[in-house]
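Notes follow the structure.
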Amino acid sequence: MLTPIAGATAIAAAAVAAGYQSMAPTGQWYGHTFTGLSHRTKQLALTYDDGPNDPHTLRLLEVLAKQSVHATFFLIGRYVEQRPDIVRELVKAGHVLGNHTFTHPLLTLKSSAEICKELTDCRFAIQNAVGDHSNLFRPPFGGRRPAVLRIARELDLTPVMWNVTGHDWSAPQAFEIETKISGQIRGGDVILLHDGGHKQMGADRSQTVMATDHLIARYKSEGYDFVSIPQMLEQLPRRN
């Protein structure tokens, strides 16, 4: 039998673990999410959150075009409504679009109705801009609980997280972003970067753009291929 102190300690530890799993990119307690390929492969997937963003999404497009790389962009719906022209440029260039909610809230603190509205409003915003698009979804801040993933799947959305991040939301220097990412690369990775900022349009992502250029050049020289998230998902075994 647990003593009161031991019992309280166990409960506290469980609460900490549950909280960690709700935000941890690779945590799977609350349902399956895609975080990269489990087998090591010479493939990397670049993903960008919080766009579209003027002007840095457009500058990033120039880098990706120069390097002949297609990426996956998780878009905020209210920004899509502001700049549908940038979203159309993403599609025109062959990039994949994903749902990153309409206003970028922490979904673990929202009701089921609010979660559903965030996802459907973002979906409609992207559809109004470019028509049908992918069924990919990434929760803001990575925050999820069972209801978040259940509602996403009810809406036929596939949750996508990441296993490598450049911690670039605070706009560090490009070499810092590159150093953080290079220390995590193992192959088959989903890399999280940001082409925008959830607080306002116009967030400075110039260092991310520069880091992207350097990272692509470096890993291409090491024999890696850059692919989109759908291209990675196609390699997963079929679920019965």
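Determine ³J(HN,Hα), in whole Hz, for all residues of the range 123-138 in sequence, where each value follows from phi through the Karplus function 6.51 cos²θ - 1.76 cosθ + 1.60 and θ = phi - 60°; x replaces Gly and Pro.
Running phi through 6.51 cos²θ - 1.76 cosθ + 1.60 with θ = phi - 60° gives 4, 5, 4, 5, 4, 5, 7, 9, x, 4, 9, 6, 9, 7, 9, 10 Hz.
Would you kindly derive the ³J(HN,Hα) couplings of the range 58-65 from the backbone phi angles with the Karplus curve 6.51 cos²θ - 1.76 cosθ + 1.60 (θ = phi - 60°), listing them in order in whole Hz, with x for Gly and Pro?
With coefficients 6.51, -1.76 and 1.60, one gets 5, 5, 5, 4, 5, 5, 5, 5 Hz.
If you line up the Cα atoms of the range 57-196 on their principal axes, what length do they span on each, largest first, in Å?
Sorted from largest, the Cα extents of the range 57-196 read 42, 31, 26 Å.
Which three lengths, in whole Å and largest first, does the range 119-164 cover when its Cα atoms are put on their principal axes?
For the range 119-164, the Cα spread along each principal axis is 28, 25, 14 Å.
Give me the number: length gained by fully extending residue 68 to residue 234, i.e. 0.36 nm times residue separation minus the C-alpha to C-alpha distance, one decimal in nm.
57.7 nm is the gain from fully extending residue 68 to residue 234.
Out of residues 5 or more away from residue 98 or on other chains, whose amide H comes under 5 Å of its own, with H placed 1.01 Å from N in the peptide plane?
Those lying under 5 Å, H to H, from residue 98 are 73, 74, 75.
What is the diffusion coefficient of the range 153-240 in µm²/s, taking the Kirkwood radius over Cα pairs and the Stokes-Einstein relation at 25 °C with a viscosity of 0.890 mPa s? Before the final figure, lay out each step's value.
Numbers: Rh = 14.7 Å.
Stokes-Einstein gives a translational diffusion coefficient of 167 µm²/s.
Any idea what diffusion coefficient the range 22-102 gets from Stokes-Einstein, in µm²/s, Kirkwood Rh on alpha carbon pairs, 20 °C, 1.002 mPa s?
152
Relative contact order of the chain, please, whole-number percent, based on alpha carbon pairs below 8 angstrom and at least 6 residues apart.
Contact order relative to length: 30 percent.
Which whole number in µm²/s is D for the chain by Stokes-Einstein, with the Kirkwood Rh taken over Cα pairs at 37 °C and 0.692 mPa s?
178
In the chain, what percent of the accessible surface is made up of carbon and sulfur (1.4 Å probe, ligands and nucleic acids excluded)?
55
What is the set of long-range amide H partners of residue 227 at a cut-off below 5 Å, with H atoms built 1.01 Å from backbone N?
44, 45, 46
With unit charges on the beta carbons (Lys and Arg positive, Asp and Glu negative) and the dipole taken about the Cα centre of the chain, which residue among 196, 46, 233 sits farthest to the positive side?
Toward the positive end, the furthest listed residue is 233.
With every protein chain left in place, what is the accessible area per residue of the chain in square angstrom, probe 1.4 Å?
Working: 11240 Å² over 240 residues.
The answer is 47 Å² per residue.
Suppose only helical runs count, i.e. DSSP H with n ≥ 4. What mean residue ellipticity at 222 nm does that imply for the chain under -39500 (n - 2.57) per run, divided by all residues and rounded to the nearest 500 deg cm²/dmol?
Taken over the chain, the calculation gives -13500 deg cm²/dmol.
Could you check what % of the DSSP bridge pairs in the chain are antiparallel, to the nearest 5?
If we restrict to bridges inside the chain, about 5 percent are antiparallel.
The chain: longest stretch without exposed trypsin sites (Lys or Arg not before Pro) (DSSP loop, at most 16 other Cβ within 10 Å), sites themselves excluded? Please list the in-between numbers first.
Working: sites that count: 40, 42, 186, 199, 238, 239.
For trypsin sites (Lys or Arg not before Pro) (loop position, at most 16 other Cβ atoms within 10 Å), the longest site-free span of the chain is 43-185.
In nm, to one decimal, how far is the residue 113 label point from the residue 204 one, both placed 7 Å along Cα→Cβ?
Rounded to a tenth, the inter-label distance reads 4.2 nm.
Evaluate the distance, in nm, between pseudo-label points positioned 7 Å from the Cα of residue 135 and of residue 32 along their respective Cα→Cβ axes.
The modelled label-to-label distance comes out at 1.3 nm.
If you build a Gaussian network model of the chain, linking Cα atoms that sit under 10 Å apart, which residue out of 140, 159, 230 swings the most?
Checking each option, the largest mean-square fluctuation is seen for 230.
The values are calculated or read from the model by the stated rules, or taken from the named source; none is laboratory data. Please read all numbers here as calculations on a predicted model, not as lab measurements. Heads up, the Cβs are rebuilt from the backbone with ideal geometry, glycines too, and the neighbour counts pull from every protein chain shown. Surface accessibility is based on the protein's heavy atoms, side chains included, excluding ligands, DNA and RNA. Shrake-Rupley method; radii C 1.70, N 1.55, O 1.52, S 1.80 Å.
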